[in-house]
Structure formats: C-alpha cells, structure tokens
Amino acid sequence: MTTSIKSEATELLRNSNQALGIGEYAVAFLDPQNQDVGQPDQAVLDRTMLFFTDSILCGLSALALGTNAPRVLREEAMAYPSTNGVPVLGSTDPVAPEKAILANCSAVREWDSNGTNFGFRPELGHTAGEFGHNDFYSVAIAAAQLAGRSGTDALLGMVLIDEIRGRLAEVFSLKTYKIDHVVHGAIASAAVYGAMLGATPQQIESAIGMSVAHFIPWRAIRAGKQLSDSKGASAAISTEVAIVSMQRSMRGFVGPRDIFRNPEAIWRQFEPTDGDAPFDLILSNQGPDFAVMGMHFKLGLYEHQSAGALQGIINLLLENPGKLKSASSIKSITVTAYEPAFGIIGDPAKRDPETRQSADHSMVFILSRLLRKAIHQGGALAEDNDAIWKQLMLMPEDYSDEALFDEETRGLMELIEFKHGGADYDSRYPDGIPTSIILTLTDGTQLDSGMVMYPSGHARNKTADLAGILDTKFQRMGDLALEGAGPIIARINDLPRMDTTSLRSIWDFDIKEVGGFS
C-alpha cells in the first residue's frame, strides 16, 4: 500500500505511481476485512444517500418526460441483453453492464440538477476549482449487483467514486485546458468498478491508463450558442468507455501504466514537470473528512454557478415584500459575479437560448424564470427563505418549449446586465459563489442584495433547511415519473439495508411515459 500520511488519509505523492496507488486504495477501501480504509463516518454515508436519492429522482423524471439523450441511450442499452448483466432504471431485464451504466448515468445527469463540486480544499492548498457532479452512482450499483454484494457495499462504492473524482478536482483543473471535467469521474468509475469485481490494483492502473490515453473528451461539447445532447451525456459516455477499459483490463489487455507521470498524457502535457506528476493526491481513509461533504446541492434546475444570483433575488424578495408587483415595475437588473460564472453562464451567446440545455446554462434565462414565478405569486409570496425556495423552485416545466419562448420571461431577460466583479469576486471562488444583484425599479428605487457567498444548497450554508427543501424537490421530481413518489423514495433510502437479492431488483418499478420534452 502507498504511504499513509496519517491514519485518516492516504497520500499518493507526485513522485509515485498514482494510477497504481488509486488501484491499491480502491481495493483496500472496498475490502470488508480492511478496518483502516473505507471507514467513513455516518454523516458521510447520510450525505451520500441524499445525493443518491437526488440523482435517481432527477433521472426518473428525465426518462418520464421523454428527454432525448436518456431515451436514446436507454433504447440502446435494451438492445444489448446479457444474462450476466444488470438492469436499467425502471426495468428488471439484464443488459450489458457498460450499456446500463451509460443509460442510467445519462438519465441522472440530463436535467443538470444533481450535486456539484468545485474542487476546493484550502487547508492543503488544493484549490484547482474543477467542476464535477454526482453522475456516477450507477457504476457502484451495477458493480455491486454483478459481484453479488449488498446495498452497504454499493453505498461505500458511491463514497469512493466521489472521493477519487472529488480529490482529483481539487488538484487539477481540466477546464483550464478545455478538457471536460468528466475525465475525473471516468477514472473513479474504472477504479470502483474494478475493485468491486475483484480486479487487482495493476488491472485498475491499466484501465485508468486506457481511459486517459484513448478517451479524452474536449469541452467542445459545451461550446457554442446552442448546446446539444452531448453536453448532458458527457459523463455517461466517458463512464461507458471507462467500464469497457476495465473489462478489457480484467481479461488481460494491458494499457499504459503510470499514466499521471506519462510525459505524453494530459497531465504533464498541460502542466510540464521534470518527471513527476503535477500534483500530490490525498484520499481519505476514515472519519468525517470525505470529498462528498464539500459538495453542493441544486435546489431545482439551474446551473450551479447561478445559485448565488438566485439566492440574491430571493433575499431581495424577502427583504422587500410587495415591491415587485409586475414585470413592468422593474427597470434594470445588474448581476455581478466571478469567473468562471461570467464566462460560462454569462456568455453573450447564451442570451438567446433556444434549447433546454442552453437555457439551464443561461444566467439571464434562469433569473428571469425565477422572477416571473415570483411575480405570478401576487401577494401570496412566501415569507421565509426555506418556504420561498420551495415555492419558486425551478422545475422541468420552466425549461419547456413554451417557457423558453415565453414573452414575459424574454422581456425580463432584456433587463439583465451581467458584469464581471474582478479580483474581489474571483478571489472568493471556489470557496463560495460570490454574486451580487442590484435591482432598479421604475420609480428609481435600488434594491441591493450585497454579496452572496454561500447560497442555500451550498456545502457551507448553515442556515437553510436543506433536508426540507430537498424533500420538496424529491417529491416533485418523483411525482413527474411515478404514480406517487413516496414508495420509490422509501426504496432508495433503504439501500444500506438491502441484501444481494433486494439490490438486484432496486430498479423494478414502472416509469410513467409523460413525454413533452426533447
């Protein structure tokens, strides 16, 4: 095993073979006999369960409403039946594992409404600030089903996925070099899938090497005026090839070794060194300090970079009851934020979104839709933070074709000016989501939110009733997909108590076919 710097963590030094180290760490983490590694506190397991529930209900609603990529990839998976396979969401029919994982990961990611990390661990100086999302839990479920393991093992696998990809996000910013952030998740997926199914550390190293050497996605999938299916399915597609790489490795195929120190791989190509990897990697063994604890929830459908602005609008609504009586009472809205928010969701190309995937990455659309919902509440707007988040929660219908071209929403969009806050704002990210709103009324009154750092849903927000707001989100998402969300939420929450048989049938339910989305 690689050198441990303390009992709670494993250190993979930059002058070591970190790919092999990840393999050793993953195998130890999922070894029931190992009492030193893979022992997260209950709070870590509880938070992971919240993210798991969130992701699955997002996925079920995306399938029910007929979104294109999840539908296409689910149909693709069903065309690969396998007696040694696993089911997709809403089925008991076994299909090829890599195809089930592809379909399920695509579904949970489609709304861009599941968990987010920003790669920030200042106590160690690991502040690369790379994005990432809880898209990959289907890997742990599928691997546990195949290996005949329990729900507890699957949950540990989820913690492990988030730990590996979350810590990589802290030390290397892929987006800086126009590489998509899902590479970190693909590496974690290969490691967890292999470790769960009995692969050796060397086989895991080989699979990581193949994934990095053969399958690197560029951020071209996220560029352009109107985004496509490729944006939402990026994690799923990279995970599929990571699983295939792991399967090949376990059959004896040998991929590139020591990939983090490989001079021709992305790490040293973008951050040249004299032979070492560009970073040390520190992975938690036990206790409370796991990457998932620093990840953030989205309280509805919106790109997480907009969460500070959403909270700013909500704060203004709460502090100024009755002031926003109509859209015509607003003269202008000025949003000041940090990079990368200014460059991504403030991109001028996204001021006129024509697709849902572009709209949920458009600051002007997201804020305008929330404001429109607030104005339409009339005098019945909620009077506290938790209640107003529940009342104004952005849901799939807010990104329908009707909503995309709603005249009132479009009118509000024209009132918004987006500014870069400069060094004062940039220096506060990724610790927080520094954003401020100045809303000017037609009578000349200016409403100023001040700088928002930790909006509701942010890991460092300590004031919002997170569980209560999420319960509303879970119910609404679930009701879109099922005849009553309660039983499915209960089944998902029962994961830690599931034996092998129960886990095999975890997706045995009928998803409504509502349609209406593309």
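If you scan segment 421-443, which residues turn out to be among the hydroxyl-bearing types (S, T, Y), touching a residue at least 24 places away in the same chain (Cβ under 8 Å) and not in a helix (DSSP H, G or I)?
From segment 421-443, those among the hydroxyl-bearing types (S, T, Y) are 425, 427, 429, 435-436, 440, 442; that's our starting set.
If we keep only those that are touching a residue at least 24 places away in the same chain (Cβ under 8 Å) as well, we get 425, 429, 435-436, 440, 442.
Hits for segment 421-443 are Y429, T435, S436, T440, T442.
Is there a residue being modelled with pLDDT of 95 or more, β-branched (V, I, T) and surrounded by fewer than 16 Cβ atoms within 10 Å (Cβ to Cβ) anywhere in segment 186-196?
No, segment 186-196 contains no residue that is modelled with pLDDT of 95 or more, β-branched (V, I, T) and surrounded by fewer than 16 Cβ atoms within 10 Å (Cβ to Cβ).
Yes/no matrix, rows are residues, columns are (1) more than 23 Å from K178 (Cα to Cα); (2) among the acidic types (D, E); (3) crowded, with 23+ Cβ neighbours inside 10 Å; (4) within 28 Å of the chain's Cα centre (by Cα):
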site	(1), (2), (3), (4)
N262	no, no, no, no
F290	yes, no, yes, yes
G294	yes, no, no, yes
E303	no, yes, no, yes
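How many residues are over 18 Å from G194 (Cα atoms) and either part of a loop (DSSP other than H, G, I, E, B) or not aliphatic (A, V, I, L, M) (or both) if we restrict to segment 219-246?
Residues meeting the conditions: 13.
Condition first: of a type in the set (S, T, N, Q) and within 19 Å of T67 (Cβ to Cβ). Now tell me which residues in segment 111-142 satisfy that. Quick ask: steps written out before the conclusion?
Filtering segment 111-142 down to residues of a type in the set (S, T, N, Q) leaves 113-114, 116-117, 127, 134, 138.
Matches in segment 111-142: S113, N114, N134, S138.
Tell me whether segment 215-223 contains one or more residues that are crowded, with 22+ Cβ neighbours inside 10 Å, in contact (Cβ under 8 Å) with a residue 24 or more places away in the chain and not small (G, A, S).
no
Would you be able to tell me the number of residues in segment 366-388 that are under 29 Å from P348 (Cα atoms), in contact with an Asp or Glu (Cβ under 9 Å, 6 or more places away or on another chain) and in contact (Cβ under 8 Å) with a residue 24 or more places away in the chain?
Counting residues in segment 366-388 that are under 29 Å from P348 (Cα atoms), in contact with an Asp or Glu (Cβ under 9 Å, 6 or more places away or on another chain) and in contact (Cβ under 8 Å) with a residue 24 or more places away in the chain gives 7.
From (1) touching a Gly at 6+ places or on another chain (Cβ under 9 Å); (2) closer than 23 Å to S332 by Cβ; (3) in a helix (DSSP H, G or I), pick out the condition that doesn't hold for W389.
Looking at each condition in turn, W389 falls short on (2).
May I ask you to list the residues in segment 305-315 that are of a type in the set (S, T, Y) and surrounded by fewer than 24 Cβ atoms within 10 Å (Cβ to Cβ)?
If the condition is that a residue be of a type in the set (S, T, Y) and surrounded by fewer than 24 Cβ atoms within 10 Å (Cβ to Cβ), then no residue fits.
Going by the conditions given, is E130 of a type in the set (D, E), more than 30 Å from S427 (Cβ to Cβ) and buried (at least 23 other Cβ atoms within 10 Å of the Cβ)?
No; evaluated as a whole, the condition is false for this residue.
Go through segment 465-518 and tell me which helices (runs of 4 or more DSSP H), entirely inside it, have 3 or more residues that are buried (at least 16 other Cβ atoms within 10 Å of the Cβ).
466-481, 486-493
Condition first: farther than 28 Å from Q247 by Cα, within 17 Å of the chain's Cα centre (by Cα) and not acidic (D, E). Can you find one or more residues in segment 62-76 that meet it?
yes
If you scan segment 385-394, which residues turn out to be out of contact with any Ser or Thr (no Cβ under 7 Å at 6 or more places or on another chain) and buried (at least 19 other Cβ atoms within 10 Å of the Cβ)? Break it down into steps so the answer makes sense when it comes.
To start, the set of residues in segment 385-394 that are out of contact with any Ser or Thr (no Cβ under 7 Å at 6 or more places or on another chain) comprises 386-388, 391-392, 394.
Correct list: I388, L392, L394.
Restricting the search to segment 160-179, which residues are surrounded by fewer than 24 Cβ atoms within 10 Å (Cβ to Cβ) and not small (G, A, S)?
Across segment 160-179, the qualifying residues are V171, K175, T176, Y177, K178, I179.
Restricting the search to segment 305-323, which residues are over 23 Å from G185 (Cα atoms), of a type outside the set (G, A, S) and under 20 Å from the mean Cα position of the chain (by Cα)?
Those that are over 23 Å from G185 (Cα atoms), of a type outside the set (G, A, S) and under 20 Å from the mean Cα position of the chain (by Cα): L310, Q311.
Run L318 past the list (1) buried (at least 18 other Cβ atoms within 10 Å of the Cβ); (2) outside any loop (DSSP other than H, G, I, E, B); (3) touching a helix residue (DSSP H, G or I) at 6+ places or on another chain (Cβ under 8 Å) and report the number of the one that doesn't hold.
All conditions are met except number (1).
From the set of residues in segment 330-384 that are in a helix (DSSP H, G or I) and more than 24 Å from the chain's Cα centre (by Cα), which is surrounded by the fewest Cβ atoms within 10 Å (Cβ to Cβ)?
Ranking the qualifying residues of segment 330-384, first place goes to P348.
Which one of these does D280 not meet: (1) modelled with pLDDT of 95 or more; (2) in contact with a Ser or Thr (Cβ under 8 Å, 6 or more places away or on another chain); (3) not assigned by TED's automatic domain parsing to the domain that holds V364?
(2)
Can we say A169 is under 30 Å from S427 (Cβ atoms), of a type in the set (G, A, S), assigned to a loop (DSSP other than H, G, I, E, B) and assigned by TED's automatic domain parsing to the domain that holds E240?
no
Could you list all residues from segment 95-127 that are of a type in the set (G, A, S), without any contact (Cβ under 8 Å) to a residue 60 or more places away in the chain and within 16 Å of V244 (Cβ to Cβ)?
Result: A96, A100.
The values are calculated or read from the model by the stated rules, or taken from the named source; none is laboratory data. Owing to the predicted nature of the structure, the values given are computational and were not obtained by experimental measurement. Cβ atoms come from the backbone with ideal geometry, glycine included; neighbour counts cover every protein chain shown.
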